[in-house]
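Asks: Shown below is the structure under consideration.
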Amino acid sequence: MIDGILLASNGMTNNQTNLVEWEPSDDQLRAAQFRASGYSQLRTAEHCKLGNRTVARYDADPDYRTLVLRLRADIMRNLEPKLGALMDSAVEVLMEAMAGRLAGDDPRVLLARDISRDTAFRLLRARVAEQLARGQYAPGIATAT
């Protein structure tokens, strides 16, 4: 059981899924932490000293994917205040550029533009991951939580 949440098992009996507590192995938990942090299957396998096919098998498991989504949502939730502060700084620089006090090709302006675009994407992705983990995601709609 992860954070007191009941996960569906892959085992089928009488054409129905049994609800049981799914506990990841130590290898699965470590791999899920790397996957949630954005590592590829190959890099995760290398860091966890697992075979690439093993990580691919983990990725195919719905319980494991749910775990990765929950870990990713936790990571992003913890980063959100820092990303918000970074976004505030970037917006200040962009406002200076819009007021004509900084040139559009100033390195600070270029960096602020990239930060604002990337940060907005990360925040949206975090909301989608959290909604997916809770089973509340509707394609095309990412709502604030």
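The values are calculated or read from the model by the stated rules, or taken from the named source; none is laboratory data. Because the structure is a prediction, the values reported are computed rather than measured. Glycine also receives a Cβ, built like all others from the backbone with ideal geometry; neighbour counts cover every protein chain displayed.
Asks: Looking at ALA36, is it in contact with an Asp or Glu (Cβ under 9 Å, 6 or more places away or on another chain) and within 23 Å of ILE115 (Cα to Cα)? Give the derivation first.
Replies: Working: in contact with an Asp or Glu (Cβ under 9 Å, 6 or more places away or on another chain): yes; within 23 Å of ILE115 (Cα to Cα): yes.
Criteria met by ALA36.
Asks: Would you please list the contacts, defined by Cβ atoms under 8 Å and residues six or more apart or on different chains, that run from a residue in the range 109-137 that is more than 18 Å from ASN78 (Cβ to Cβ) to a residue that is modelled with pLDDT under 80 and part of a helix (DSSP H, G or I)?
Replies: Going by the 8 Å Cβ cut-off, the qualifying pairs are TYR137/VAL128; TYR137/GLN131.
Quick grid of which residues meet (1) surrounded by 18 or more Cβ atoms within 10 Å (Cβ to Cβ); (2) among the aliphatic types (A, V, I, L, M); (3) over 18 Å from the mean Cα position of the chain (by Cα); (4) not in a helix (DSSP H, G or I):
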residue	(1), (2), (3), (4)
PHE34	yes, no, no, no
GLY38	no, no, no, yes
THR44	yes, no, no, no
ARG57	no, no, yes, no
TYR64	yes, no, no, no
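This table checks each residue for (1) among the acidic types (Asp, Glu); (2) within 21 Å of LEU123 (Cβ to Cβ).
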residue	(1), (2)
ALA36	no, yes
ALA45	no, no
PRO62	no, no
ASP74	yes, yes
ALA90	no, yes
VAL93	no, yes
